[in-house]
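Worksheet for the structure shown next.
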Amino acid sequence: MALTGLSPVNKLGHMKYGRHANRINVLFILGIFLAPIGYCVFDASIPTDVGHMVILGSFALGAFVIADWYHFNLTNSYVGIAWAIAVGAFVAAGALLIASVANSASLVALALLQPIERWGGHGTSLRAYLSGVGIIAVALVSVPCLFLIVLAGR
């Protein structure tokens, strides 16, 4: 059994999950959904538009986490998390560069989606950018999750 970071991995580089790992993954997914949504619902001082964006973001991040957990398996090891960050950064940066050159818009304005109309006519680049950012977000969220799984597996 080879070791990558602290996690035992199989030949494909994916962590061998036990029953406890699935419970920890479910708790993280619940946290991704419930924590931001609960905060936005109970804090009346948050503007409605911000609350809607946070709730939408939590659903999007939750969808990426579930997709990675069931299908992609990028975040089953620390090496996989590093690769996910690299791939997500490459995809997001490429989409930003393409849209920036095509629209003569600044990279910062495009990255912050302000205004969203600057992405007009470049729907594929916008999807690629959002997917790259989603992959990076899942990788970052997976670091503490994987750490807990490794600790629970000892």
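The values are calculated or read from the model by the stated rules, or taken from the named source; none is laboratory data. Quick caveat, the model's predicted, so the values are computed rather than measured. Counting neighbours? That spans all protein chains shown, and the Cβs are built from the backbone with ideal geometry, glycine included.
Taking the criterion of being touching a His at 6+ places or on another chain (Cβ under 9 Å) and part of a helix (DSSP H, G or I), would at least one residue in segment 83-97 satisfy it? Even if it seems obvious, please write down each step before you answer.
Just the residues of segment 83-97 that are touching a His at 6+ places or on another chain (Cβ under 9 Å), to begin with: 95.
Subsequent filtering for residues that are part of a helix (DSSP H, G or I) retains 95.
Within segment 83-97, one or more residues are touching a His at 6+ places or on another chain (Cβ under 9 Å) and part of a helix (DSSP H, G or I).
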Of the criteria (1) modelled with pLDDT of 85 or more; (2) over 18 Å from the mean Cα position of the chain (by Cα), which one A89 fails: (2)
Top-ranked residue of segment 103-154 - restricted to ones that are aromatic (F, W, Y) and buried (at least 18 other Cβ atoms within 10 Å of the Cβ), ranked as modelled with the highest pLDDT: Y129
